[in-house]
Structures are given as C-alpha cells and as structure tokens.
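These notes are about the structure you will find just below.
The values are calculated or read from the model by the stated rules, or taken from the named source; none is laboratory data. Since the model is a prediction, treat every value here as computed from it, not as a measurement. Ideal geometry is used to build each Cβ from the backbone, glycine not excepted, and the neighbour counts take in all protein chains shown.
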Amino acid sequence: MRYISTRGQAPSLGFEDVLLTGLASDGGLYVPESLPHFSLEEIRSWRGLSYADLAFNVMYPFVEEAIPEDDFREMLKDTYGVFAHKAVAPLVQLDTNEWVMELFRGPTLAFKDFALQLLGRLLDYVLEKRKQHVVIMGATSGDTGSAAIEGCRRCEHVDIFILHPYQRVSEVQRRQMTTVAGDNIHNIAVKGNFDDCQRMVKESFGDQSFLGGKTQLAAVNSINWARIMAQIVYYFQASLSLGGPDRSMAFSVPTGNFGDIFAGYLAKKMGLPISQLVIATNKNDILHRFMSGNKYEQHQLEHTLSPSMDIMVSSNFERLLFDLHGRDGAAVKELLENASKGPVSIADYRWKSARKLFDSDAVDDKGTCDTIREVFDQNEYLLDPHTAIGVRAARNCRRDASVPMITLGTAHPAKFPDAVAESGVSVKPELPVHMADLFEREERYTVLDNNLSEVQGFISKHWKNA
Ligand SMILES: *Cc1c(COP(=O)(O)O)cnc(C)c1O
C-alpha cells in the first residue's frame, strides 16, 4: 500500500515512513492511494471474532508490506488486551434501536486509547527494525497527552515529552499524565497557556537543531494516518454486533478534528453498510456551518464543557476535501490556502455530495447538560459531555427509526465531573476500579518558564541517550 499527500506534491510513501512522518512535505496529509474493499460475504464471515482478530482483518491491508502477519496479530492482541472490558468496545442500549458504543474502557478512559495504544507499539516495532530513536513532542490541553503517554510507556526507542499549560488542565487529566512511571516519560508544565505550548512544539518541529542531529522529532497528533486506521475497526465491530452487514447502521460521532468520523466514512467506503453518519459538534461548529451552508470559515475559539472538541479548524477535514475534489491535490492546496485567509466555499455539486454523506448538528453547553440529565433520568446512565453531544445530535438528526443508531461514547463521565455536576444530576461519576487510586498516585512533572530555549534545553538533556 502506498500513501499519497492530499496536496499532490509530496512523494508517495510506504507505511513505515507514513507512520514516522507528520505532515507531508507539501503541507498535506497522507491518505492511502486506494482502499481495500470487503464483500458482504467476507464481512459476514467475521461475526464472532475477538476485537483483536477483527482488527487484524480490517487493518492488515494497510500495513502488510511493513509487518509480517504473525507480528501484527501479536501486536493487536497486546494492544487490545490492555482494555478493561473483554469486548473492548461494548455497546450499551439507550432505547429501542439506540445505542452507545463505549470507547472509554482503555487506560486513559477516552477513545484516543484505541489509536495511541497501537501507535506506540507500531512505532517501537518499526524503530527497532530500523535501529532508530525518536522524541515525541506534543502539546495537550487534555486527552491526547495522557493517551500518548500511556501508548508510549513501554517503548524502548521513544522518549515522549508532553507540554501542558501549568495549572490549566483538570486534575484528573493532569494526574493521568503525571502519574505514569517510566524513564522515557517527561511531563512539562509550562507557565503559559495551551497556545504557548503548541507554538513551542511547532517551532521545535521547524528547527530541530537543539537535538544535535542525534535523534528526531515525531508527532502523534490526529493527522497521523495510523490513528485513523485504528479507528475504522470499531465501526465494523458495532455493526457485526447488531446484525450487520445484513442491515445498515447509523452512527453519530462527537467531532473535533474530524478524525474519528473520517474513520467511519472510510469504513463505509471499504464496504460496511452505513446509511447515516452524523457530525456532532459543540459551539465550535465550523463543520456544522459548512454542512449547512457551504461556507468554511474560522471563528473565534469558544471554551465549552466538551473541551476535547474545542477547535477552530478540523485538520482531518482536508482528507475528506481531497475525495470531494476527485483527489485533485492542486485544487485542495488552493482551497486550503484561501481558507487560511478567509471564508471559502466549494462547487455546489461537490457540497451536495458531502451532504449526501453526512448530517450534522451543533449542541451548546445547555443542550449538553440537558442531554446528560435526560439520559440519566431515562436510564440511570451517565454520559460524559462529549458523548452527550453525540446522543443529542443522533436524536435530532435521525432519519430512520428502523436503522440502529449508534453514538460513539468518546470519554468516561468521571473524566469530566464538573460538566456532570453542572447538568444537575445528583450522582457523582466514579472512576473505574482500576483507576480508583488515581488521586493517591505519585505525580512527576517539571515546571518550566514559557521560554522556548528553556524547554528545548530540558528535552536535549533528558532524552534517554542524550
Ligand atoms: C479527541 C476527542 C474527540 C474528538 O475526536 P476527533 O477525532 O478530533 O474528531 C471527542 N471526544 C473526546 C472525549 C475526545 O478526546
């Protein structure tokens, strides 16, 4: 399988290089040159497989040139074995034909574990083969940092440095990062805000001379193809559990960077019958505004009760735009260069084909709280604020009550106790048993000034073979 850039000018790469590369050299994102396609008969034959075995069938075509079959099977068993539920992605019923797929049974209680647990193992495998080392550097305001740290904790060839804004992330989120032990794990609390952290990461990628040429930086944000790939699997898993592929499914997906829902779109293109995909956003609704009126326009960032969806632009949307433009990289490049200067639209017939693929909704904080309370009153089941947005959008946009509607449950409610409290629900969400001692675990992090050379100096001194 070769991978090509959405902006059409960077060289095509194989899986190993795509794994280790962030953005393509032309500023685009890598996508597979072509997708595998599975027949209904083949998908049907996967009924009853364990999650890891299903994951193998769905993903192997993407990696087969880089990883022998047995090694990949082993890696997947290991990856999904760390989840605290035997089904890995269990379904919970809310109503007749309405479901939540709980994607928060991994080590950090959010769906990002599905991709980052695998990504860490893939990186270490490829780096071992190549006798290379990388430094992962990332900025986080919450979920990604902890999932990346958990994903890399056993990597021999990776050091990970995660920057978070000092005293500006929730206590659960901070502790999930800072209580992970490992001499390749480094948490830096920067005396600044999230944008300061992100700027330092960007500048460091731009000029890596502070590493003295002895190692290189790698990215684990959602533009990494391997993350998208891992997220395709659970769409198949949900469908197979509810009578697919002999009936079609609808999915509602709480969306920020368009990674998770893009994986659903790929599942459909790979042959899984999906009749509806709902883009569920919070007040940061650039995607909903585009779907409603064919205008792609950046607004001010709003802080909401669903912080993991607080984005101004959705980076992975570029991958869909590439398909909507008949895979014409030059057209995508021009469109996105214009989009960075002001509002843009696409040709009407292209926009109409996007509307055929997706429905959308935007849910504000009040709608989020109302939904947490509504579902608790109906089922005594607690939703986290991100999942609540998905459920609200699913209920608002549903087209056909005879089609199972599955909302992706992206986080455990105990990660966001403040939103749950604000919704007026009388119970407090409890951390799962395996995390119950989170508040007693020892924390390790270093506080640094909001200063690039100080942060870079710390990294160059502390990576394993420095
Ligand atoms: C990251 C995240 C999202 C958004 O996922 P995207 O792939 O960026 O669309 C939604 N909910 C939670 C809890 C998340 O951590």
Notebook entry, point to check: So which pairs qualify, if the first residue must be in the stretch 386-404 and modelled with pLDDT of 95 or more, the second must be aromatic (F, W, Y), the Cβ gap must be under 7 Å, and the two must be at least 6 apart or on different chains?
Noted result: P404/W99
Margin query: So, in the stretch 166-187, how many residues would count as being more than 24 Å from L122 (Cα to Cα) and touching a strand residue (DSSP E or B) at 6+ places or on another chain (Cβ under 6 Å)?
Written below: 1
Note to self: Suppose we filter the stretch 385-408 for residues that are under 16 Å from the mean Cα position of the chain (by Cα) and either in a loop (DSSP other than H, G, I, E, B) or within 9 Å of the ligand (Cβ to nearest atom) (or both); how many remain?
What the structure shows: 4
Check: Which of the following residues is of a type in the set (D, E), under 25 Å from S275 (Cα atoms) and without any contact (Cβ under 8 Å) to a residue 40 or more places away in the chain: D377, D359, D323?
Finding: D323
Check: Out of the stretch 150-170, which residues are more than 14 Å from A218 (Cβ to Cβ) and in contact (Cβ under 8 Å) with a residue 24 or more places away in the chain?
Finding: E150, R153, R154, E156, L163, H164, P165, Y166, R168, V169, S170
Check: Restricting attention to the stretch 296-318, does a residue exist that is in contact with a helix residue (DSSP H, G or I) (Cβ under 6 Å, 6 or more places away or on another chain), more than 12 Å from the ligand (Cβ to nearest atom) and at pLDDT 95 or above?
Finding: yes
Check: Got at least one residue in the stretch 417-431 being within 14 Å of the ligand (Cβ to nearest atom), among the small types (G, A, S) and either touching a strand residue (DSSP E or B) at 6+ places or on another chain (Cβ under 9 Å) or not in a loop (DSSP other than H, G, I, E, B) (or both)?
Finding: yes
Note to self: Let me spell it out: the conditions are (1) under 17 Å from F104 (Cβ atoms); (2) more than 13 Å from the ligand (Cβ to nearest atom); (3) not in a loop (DSSP other than H, G, I, E, B), and Y381 meets all of them except one. Which number is the exception?
What the structure shows: (3)
Next item on the list: Please work out which one of (1) in contact (Cβ under 8 Å) with a residue 12 or more places away in the chain; (2) under 29 Å from F15 (Cβ atoms); (3) under 23 Å from the mean Cα position of the chain (by Cα) is the condition C197 fails and give its number.
Entry: (2)
Margin query: Quick check on A267: is it out of contact with any helix residue (DSSP H, G or I) (no Cβ under 9 Å at 6 or more places or on another chain) and assigned to a helix (DSSP H, G or I)?
Written below: no
Notebook entry, point to check: Does D365 fit the bill of being within 16 Å of the ligand (Cβ to nearest atom), surrounded by fewer than 21 Cβ atoms within 10 Å (Cβ to Cβ) and charged (D, E, K, R)?
Noted result: yes
Notebook entry, point to check: in contact (Cβ under 8 Å) with a residue 24 or more places away in the chain and closer than 27 Å to Q173 by Cα - does that describe any residue in the stretch 291-304?
Noted result: yes
Check: So, in the stretch 248-272, of the ones that are among the aliphatic types (A, V, I, L, M) and within 12 Å of the ligand (Cβ to nearest atom), which residue ends up farthest from S39 (Cα to Cα)?
Finding: V253
Next item on the list: Mind listing just one residue for me: the one in the stretch 242-266 that is farther than 19 Å from I286 by Cβ and touching a strand residue (DSSP E or B) at 6+ places or on another chain (Cβ under 6 Å) and, of those, surrounded by the fewest Cβ atoms within 10 Å (Cβ to Cβ)?
Entry: S248
